[in-house]
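Asks: Sharing a structure, written as structure tokens. Questions coming.
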Amino acid sequence: MSVADRLTGFLDTDQGGLTLAQVLRYIAVLIAVLFVLIPLYWMVATSLKDAAQIGVFPPNLVPDPATLEPYFEAWDTGPWGQYFINTVIVSSGATIGALAIATPAAYALARFDFPGSNPIYLLFMGLLMIPAQILLIPLYNLLANLGLVDTRLGLILVYSTFFLAFSVFLLHSFMTNLPESLEEAARIGGVPEWKIFGKVILPLVKPGLTATGMLIFVFTWNEFLFALTILQSEELYTISVGLQSFQGIHGATMYNQLFAMSTLATLPVVILFALFSDKFIEGIAGLEMQ
Amino acid sequence: MSITGLQNRIVRRLRFDRSEIDWKPYLYLLPAFVMIAVFLAYPLVDTFILSFQEVVTLGIQGEKRWVGLANYEAVLTDPLFWRSAKNTIIFSFGMLVIPLFLGLGLAMVINRGIKGKSSLRALIFVPVVVPIVVAGIVFSWILSPNGLLNWGLTAVGLIERPIRFLNSIELSLPSVMLMVVWKRTGYYMVILLAGLQGLPNDVYEAAKIMGKSRWAMFRYITLPLLKPAILIVVVLGIIDSLRAFAHVYVMTGGGPSNASEILSTHFYKVAFSYFNFGKGAAYGFILFGMALVLSVIAIKLSGGSEI
């Protein structure tokens, strides 16, 4: 919120001035904003410091001098470019996989009345309640049998399944809200079923697909436990596993470099969020609409 | 269900001959069922079987032997399980209780006309999209002996010597919780804000005219109408308290001397560090049971059949 916005906010009240309640409200919001921003500022600030400024007490609140050197130094310590490529492949693959499977399923549950539709919907809800990590052992076992341990495809399949129920849940709410008439008209007009789904429903539900897809992309971008367990070769690491491994090796000594890479890891998802924040919020808020 | 929805349902029922099964919805569901069968149901059944077995020879693919309920007994008699369970309850205050209250407060403040509402909402949501590993590393650095927090506390004269937050038996778990509160508040705020925005304004107007106090309006109008949103937050919070892993793993690894061990990290150690797969499987089912039972209790207590 800009200073100008805030000023108009102060002036533009019905009493023509500030009430105590309003002052308290602004203070509460200000504290929340500071709480949110300080860790992020500190990450970026630390990433711009040279090694001599790391670990000094009291810390320099502003990097002096500020340098991009840690970014270049850290980049050379490992295959960071590869980590990013891996993360993009895995997150995109999982997003496409989950949406491709969840969309027809959500369509069936939202738009058809058939024996078993309610129990099946409840089943999807139940799947949401499984703490995923309890499946680590047998999934690892299964992937080993399929020759998919330590592959990006293995991780993509696991993510697609885990985000399936979540996607069905969200897309279901988007689809139930669509008007019934278009689909009915198409059906009466003798349009083939696959065309009704592909040419009528899909375009209508596009905002829902975007919102759900964004959320899956970000959640899988940030996922750690399964990436850590399934990917073992360094050249297949996702960015989160790469960061954790860097921290394990270099410990507290190279925090500027660690934060340089952390900043790079965070930037894509924050940019994505900044560009599509309405979609994200719509998706999350969609959870409430159930 | 709305009247039109019901009508549509009846019309659809009449249009199709009931004796002839409509296969279309099942076909649409087929890919999802295949994925769930292979990557969820099969592993779940496999874990269930494994939880009654002991892996005799080395490795997860090794020879197995039936041991009855011994694995469950081993988990439930493990003092570390109970310590982790206690820690998980404490941890759930960071994952659910504190961010729920903060998120509710912020949602109400932002909902009551503040300029720049949607950008504020987006800003407070940002921590949700920050990778959990990054959040863990950043908070570890802020909480380190020569970190930002110790500097701040020294500067205002609250402490004389730096506190080793992450190496302290008492403070390591609250330190992790601080990061979790940072990450969750915006999440819950957005869900609750969506609930608040759906509330009818004229009810408040009526209450105001009737001279009801703010507290009465909150207690008897806002809270009941927000119930579905709060229920979603509670269920999410319970499941994620049992699911959270990287939060603790990155910041403290469960230490010092298991002071910040939660069920999820302890489970991981049992299964993957000590390679006790049978006990790990039993542990997993106990976790699943907890998630299911607690979620159902939450839903029942709220008296809600809404979800």
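Values in this text are rule-based calculations from the coordinates and carry no lab data. Please read these numbers as outputs of a predicted model, since none were measured by experiment. All Cβ positions, even for glycine, are placed from backbone atoms using ideal geometry, and neighbour counts span all protein chains on display.
Asks: How large is ³J(HN,Hα) for each residue in the stretch A:190-203, as worked out from phi by the Karplus curve 6.51 cos²θ - 1.76 cosθ + 1.60 (θ = phi - 60°), to whole Hz, x for Gly and Pro?
Replies: With coefficients 6.51, -1.76 and 1.60, one gets x, 5, x, 3, 5, 6, 4, 5, x, 9, 9, 6, 4, x Hz.
Asks: Per residue of the stretch A:22-35, in order, report the coupling 6.51 cos²θ - 1.76 cosθ + 1.60 (Karplus, θ = phi - 60°) as ³J(HN,Hα) in whole Hz, putting x for Gly and Pro.
Replies: The phi angles translate into 5, 4, 4, 4, 5, 5, 4, 5, 4, 4, 4, 5, 5, 4 Hz.
Asks: While we're here: With labels modelled as points extended 7 Å from the Cα through the Cβ direction, what inter-label distance (nm, one decimal) is found for B:Thr57 paired with A:Leu146?
Replies: My value for the distance between the label points is 2.6 nm.
Asks: Now for a separate question. Name the residues whose placed amide hydrogens come within less than 5 Å of the amide hydrogen of A:Lys49, ignoring near sequence neighbours (fewer than 5 apart) on the same chain.
Replies: It is A:Thr67, by chain and number.
Asks: Could you tell me how many cubic angstrom of Cα convex hull volume chain A has per residue?
Replies: Per residue, the Cα convex hull of chain A comes to 207 Å³.
Asks: In addition: List, in the order given, every pair from B:Lys64/B:Lys86; A:Lys206/B:Lys300; A:Lys279/B:Lys227 whose Cα-Cα distance in the structure shown is over 26 Å.
Replies: Working: B:Lys64/B:Lys86 32 Å; A:Lys206/B:Lys300 35 Å; A:Lys279/B:Lys227 24 Å.
Cα-Cα > 26 Å for B:Lys64/B:Lys86; A:Lys206/B:Lys300; rest within.
Asks: Can you tell me how the stretch B:83-301 classifies by the Cα gyration tensor, rounded, prolate or oblate, using a/c under 1.5 as the rounded cut?
Replies: Oblate shape, in that a/c is at least 1.5 and b/c is the bigger or equal ratio.
Asks: Still on this model: With chain A treated as a Gaussian network of Cα nodes joined by springs under 10 Å, which of A:Leu48, A:Leu61, A:Leu204 yields the largest mean-square fluctuation?
Replies: A:Leu61
Asks: Using the alpha-carbon atoms, what tilt in degrees (0 to 90, nearest 10) does helix A:152-176 show relative to the longest principal axis of chain A?
Replies: Between helix and principal axis, roughly 60 degrees.
Asks: Another question, then. Listed highest first by mean packing, meaning other Cβ atoms within 10 Å per residue, what order do B:259-265, A:141-147 come in?
Replies: In decreasing order of mean packing, B:259-265, A:141-147 become B:259-265, A:141-147.
Asks: Ok, one more. Check the straight Cα-Cα distances from B:Lys24 and name the aspartates and glutamates below 14 Å, setting aside those fewer than 8 residues away within the same chain.
Replies: The qualifying aspartates and glutamates are A:Asp113, A:Glu193.
Asks: Which of rounded, prolate or oblate describes the stretch A:43-178 when judged by the alpha-carbon gyration tensor and an a/c cut-off of 1.5?
Replies: Here the stretch A:43-178 falls in the prolate category.
Asks: Please report, ordered by residue number, every helix of chain B (full DSSP H runs) that is 30 Å or longer along its axis going by C-alpha atoms and whose mean Kyte-Doolittle hydropathy reaches 0.5.
Replies: B:172-197, B:277-301
Asks: Specify the angular offset, from 0 to 90 degrees and rounded to the nearest 10, of the alpha carbon long axis of helix A:117-128 from the longest principal axis of the alpha carbons in chain A.
Replies: 20
Asks: Over all residues in A:109-120, what is the mean tally of Cβ atoms on other chains that come within 10 Å of each residue's Cβ?
Replies: Across the residues of A:109-120, the mean count of other-chain Cβ atoms within 10 Å is 4.
Asks: Could you work out the relative contact order of the stretch B:119-218? I mean the mean sequence separation of Cα pairs under 8 Å and 6+ apart, divided by the number of residues, in percent.
Replies: 29
Asks: Suppose R0 equals 41 Å. What FRET efficiency, 1/(1 + (r/R0)^6) with r the Cβ-Cβ distance, do A:Asn60 and B:Ala41 give to the nearest 0.05? Could the numbers behind the result be given before it?
Replies: Values: r = 55 Å, r/R0 = 1.34.
For A:Asn60 and B:Ala41, the calculated efficiency is 0.15.
Asks: Let me ask another. Please report, largest first and rounded to whole Å, the three semi-axes of the ellipsoid equivalent to the protein assembly as shown, where each semi-axis is the square root of five times an eigenvalue of the C-alpha gyration tensor.
Replies: Each semi-axis is the square root of five times an eigenvalue, giving 38, 35, 24 Å.
Asks: If amide H atoms are built 1.01 Å from N in the plane of the peptide, which residues on other chains or at least 5 residues away come under 5 Å of the amide H of B:Gln53?
Replies: B:Val67
Asks: For the stretch B:203-239 and the stretch B:91-114, write down the distance between their C-alpha centroids in whole Å.
Replies: 13
Asks: Taking H as built 1.01 Å from N, whose amide H comes closer than 5 Å to the amide H of B:Lys64, not counting residues under 5 places away?
Replies: Answer set, sorted by chain and number: B:Val56.
Asks: Follow-up question, since we're still on this one. Rounded to the nearest 500, what is the 222 nm mean residue ellipticity of chain A from helices alone, with -39500 (n - 2.57) per DSSP H run of 4+ residues and division by all residues? Kindly include the intermediate steps, with their values, before the conclusion.
Replies: Values: 13 runs with 199 residues, N = 290.
Value at 222 nm, helices only: -22500 deg cm²/dmol.
Asks: By how many degrees, between 0 and 90 and to the nearest 10, does the Cα long axis of helix A:239-250 differ from the longest principal axis of chain A?
Replies: Helix A:239-250 sits roughly 30 degrees off the main axis of chain A.
Asks: Over all residues in A:222-229, what is the mean tally of Cβ atoms on other chains that come within 10 Å of each residue's Cβ? Present the calculation step by step, with values, prior to reporting the outcome.
Replies: On the way: counts 9, 4, 9, 9, 1, 2, 6, 3.
Average per residue, whole number: 5.
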